[in-house]
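Structure record follows, encoded as structure tokens.
The values are calculated or read from the model by the stated rules, or taken from the named source; none is laboratory data. Since the model is a prediction, treat every value here as computed from it, not as a measurement. Positions of Cβ are generated from backbone atoms using ideal geometry, with glycine treated the same way; all protein chains shown enter the neighbour counts.
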Amino acid sequence: MDNFIFGANQAFNPILPATGEIIWSVVSFALLLFLLGKFAFPPVKKIMAERTAKIRNDIEGAEKARLEAERVLAEYRTQLEEARKEANRLVEEARKTAGLVREELLAKAHEEAAEIKRRAEESLQIEKERAMSELRASVGDLAVELASRIIAYEVDRRSVDPLVEQFLAESGVGSK
């Protein structure tokens, strides 16, 4: 039988076991595989399945956490952008309000300046009219006095000129 399994023309090989040992080894190995498959492999498979399920659940949980973090980040960015827009709107509104207030203040200042100028011109006109009135009265008085002095003398051009000069010197208006 040895010759049938390993070949007919082979000589004795000390490395190869005997045929009986090979048969018992195969039967023992098959029995060991059967027992391992019946008693040892199912718990190992169960543990491996549980670990696989746990790893899968952990991966799914991590994926859910990542998606939630991305959602929260997107929401935060949206809120931040809205806050920036609101801040820009408020700054622009403040600029417009400041511009309007500035325009109102400038208009009011121009109105007040115009009013002050108008009052000053009115006051100047009143003072001018009063001065002219006083001047007319003074000139009238001076003319009457001058006329009365001229009448006291004989009137000719040569005699009137010194009289006018004397009158002007006495009244403080003299020529310089």
Does E63 meet the test of being modelled with pLDDT of 95 or more and either part of a helix (DSSP H, G or I) or in contact with a strand residue (DSSP E or B) (Cβ under 9 Å, 6 or more places away or on another chain) (or both)?
-> yes
Evaluate the range 160-170: report whether one residue or more is aliphatic (A, V, I, L, M) and at pLDDT 80 or above.
-> yes
